[in-house]
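A.B. asks: Just dropping this structure here.
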Amino acid sequence: MTSPSGGGARRRRAVAVPLAALLIAAGLGTTAALGGFAEAPEEPSRRLGPGGVVDQKLFLTRFLASRTVVVPDPYGGTGKRFLEIEAEVTSKGRRTEEVGSPGEKGLLYGKSLLKVTPVAGDGSVPVSVIPDVSVIPDEGVPSTQLHPGTTSTVVFRYELPRGQRAPQEVRLDVGAFDPSPESFTGADLGLVLERDGKAAGAPPKVVARVTLPVRREGSGR
Amino acid sequence: MSTVTPERAPAAAPPRPPRPPGRLRRAGALLAGLALAAAAVALQSAAPEPGERGAPLTSTGRVGDEVAASRFTARVEAVHAARSVEIADAAGAVETATTSGIFVVVEAAATAHREPQKFGRPVLLSGDGKRYTATDKVDSTLDIAYPYVQPGWWTEGVAVFDVPVTALTGSRIVLAPGGGGFIGEAYPPEAEIDLGLDDAGTQRLIAAAKDVHRLEARR
């Protein structure tokens, strides 16, 4: 056995370990003070009014107006009232897509209107409205297709329950589509919304909030 | 008990130690190994990309050709352009569909080889690779995708597309059996027929575009 040679040289102090610990602690402290490792919040979602344009990556959408219409009953009843949201949608994608339906359980293009909130004059949220049909009405025969490179006027329609006051305005949370969603199998995923963060159950990202005042009108199409 | 002693093999000469391989043989083995490794690497480049795996097997042709895919044969007979399409239904009511672009009316015919086939919605593939599904403004009973295509005779129908004028040049029409189930078929057959629209062809088609193209419902 050899004993450490203690006597000869001057005793060295252990500097490296405490110094490293101090540096790490300082680094962590600075990081934590600046908000930790969480992603910096991106630009907050924009607030838009009528005519506002939202880039949804695969589509460019101009929100035009909202209005109520009364569709007379062809058999002489009282008819039905609808809340309409009109938007001009330009498809930037590479294939024909369908309009689908808006809202949290929405489909296809329509699901990018993440949340549709009708608001009454006193600020309360009226009873939910019923999504009806979404069409492109202006071409003689209505269509539900959004073709690449073309601009279409899309009307989202909600039936207003009988006896309910029409909302004063409609607030829309608008999302964007992921232009190249990751697919494990290479299978076609269709239209995929951009998510807020990378976690599995992350909610869709709101890129813009649009508020449209509701115009009262007579009979609709 | 008796033991059987196995017959002893005739005493052979002690095995000669193997001769060390010659220099030539060693070089040959090295070359063969390198060649095999190179071939293996080269073969990798022939493997289908993730996007190509299970992609349709496409048969191609031109207007007028009989384009044979594995389960059906299709033919494009004529291509028209129109600014609006008038659809008369069986009851005689008339609807007129208009567009901000142009309607392409493709007259097509098809026959099946062994079993009846039903096409999915026809697709117009533009020169720059964008896919336009046949328009839903036209009654689907007129569509080539509506009837079953039977073996033994040719079934005729149209495919009407609503496209911007810029999509015309270099465009092709794609006919494929409709996806029947939840799980898509791997390598389904597909016929891709070139509409023969080069720059001059596109100009001619637009110049000859009718204001109203009339389609009659069946029966």
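A.B. asks: Take the residues in segment A:183-200 that are modelled with pLDDT of 75 or more and surrounded by fewer than 18 Cβ atoms within 10 Å (Cβ to Cβ); name whichever of them is nearest to A:PRO148 (Cα to Cα).
C.D. replies: So the first thing to find is which residues in segment A:183-200 are modelled with pLDDT of 75 or more, and the list is A:190-197.
Filter once more, so that each one left must be surrounded by fewer than 18 Cβ atoms within 10 Å (Cβ to Cβ): A:190, A:192, A:195-197.
Values: A:GLY190: 15, A:VAL192: 17, A:ARG195: 24, A:ASP196: 27, A:GLY197: 29 Å.
Among them, the one singled out is A:GLY190.
A.B. asks: If a residue must be open to solvent by 30 Å² or more (accessible area, probe 1.4 Å) and either closer than 16 Å to A:LYS205 by Cα or not in a strand (DSSP E or B) (or both), how many such residues does segment A:61-106 contain?
C.D. replies: 11
A.B. asks: Let me ask you something else. Pairs only if they're at least six apart or on different chains, beta carbon under 6 angstrom, first in segment A:93-107 and closer than 23 Å to A:GLY149 by Cβ, second open to solvent by less than 20 Å² (accessible area, probe 1.4 Å) and among the polar types (S, T, N, Q); list them, first residue then second.
C.D. replies: Qualifying pairs under 6 Å: A:THR96/A:GLN145; A:VAL99/A:SER134.
A.B. asks: Under the condition of being surrounded by fewer than 24 Cβ atoms within 10 Å (Cβ to Cβ) and assigned to a loop (DSSP other than H, G, I, E, B), which residue from segment B:159-170 is nearest to the other protein chains (Cβ to nearest Cβ)?
C.D. replies: B:PRO164
A.B. asks: When B:THR141 is evaluated against the numbered criteria (1) outside any strand (DSSP E or B); (2) at pLDDT below 90; (3) open to solvent by less than 20 Å² (accessible area, probe 1.4 Å); (4) of a type in the set (Val, Ile, Thr), which criterion, by number, is the only one it fails?
C.D. replies: In the conditions (1) outside any strand (DSSP E or B); (2) at pLDDT below 90; (3) open to solvent by less than 20 Å² (accessible area, probe 1.4 Å); (4) of a type in the set (Val, Ile, Thr), B:THR141 misses (3) alone.
A.B. asks: Okay, moving on. Which residues, taken from segment A:107-122, are open to solvent by less than 40 Å² (accessible area, probe 1.4 Å) and within 14 Å of chain B (Cβ to nearest Cβ)?
C.D. replies: Matches in segment A:107-122: A:TYR109 only.
A.B. asks: Here's something else I'd like to know. Can you pull out the residues in segment B:108-118 that are surrounded by fewer than 16 Cβ atoms within 10 Å (Cβ to Cβ) and assigned to a strand (DSSP E or B)?
C.D. replies: Once the filter is applied, which keeps residues that are surrounded by fewer than 16 Cβ atoms within 10 Å (Cβ to Cβ) and assigned to a strand (DSSP E or B), segment B:108-118 yields nothing.
A.B. asks: From the list B:ARG53, B:ARG71, B:ARG83, which one is in contact with a His (Cβ under 9 Å, 6 or more places away or on another chain), within 13 Å of chain A (Cβ to nearest Cβ) and open to solvent by 60 Å² or more (accessible area, probe 1.4 Å)?
C.D. replies: Answer to the selection: B:ARG83.
Every residue, every condition in (1) touching a strand residue (DSSP E or B) at 6+ places or on another chain (Cβ under 7 Å); (2) over 21 Å from A:GLY175 (Cβ atoms), yes or no:
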site: A:THR68; (1), (2): yes, yes
site: A:GLY77; (1), (2): no, yes
site: A:LEU83; (1), (2): yes, no
site: A:GLU86; (1), (2): yes, no
site: A:VAL89; (1), (2): yes, no
site: A:LYS92; (1), (2): yes, no
site: A:THR96; (1), (2): yes, no
site: A:LEU108; (1), (2): yes, no
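A.B. asks: Considering segment B:132-149 alone, what residues qualify as being within 11 Å of chain A (Cβ to nearest Cβ) and free of Cβ contacts under 8 Å to residues at least 12 places away in the same chain?
C.D. replies: B:ASP136
A.B. asks: Does segment B:119-128 contain at least one residue that is within 14 Å of chain A (Cβ to nearest Cβ), surrounded by fewer than 19 Cβ atoms within 10 Å (Cβ to Cβ) and farther than 30 Å from B:GLY92 by Cα?
C.D. replies: Yes: segment B:119-128 contains one or more residues that are within 14 Å of chain A (Cβ to nearest Cβ), surrounded by fewer than 19 Cβ atoms within 10 Å (Cβ to Cβ) and farther than 30 Å from B:GLY92 by Cα.
The values are calculated or read from the model by the stated rules, or taken from the named source; none is laboratory data. Here the structure is a predicted model, which is why all the values come from computation and not from measurement. Virtual Cβ from ideal backbone geometry, glycine too; neighbours counted across all protein chains shown. With ligands, DNA and RNA removed, areas are computed over all heavy atoms of the protein, side chains included. Shrake-Rupley method; radii C 1.70, N 1.55, O 1.52, S 1.80 Å.
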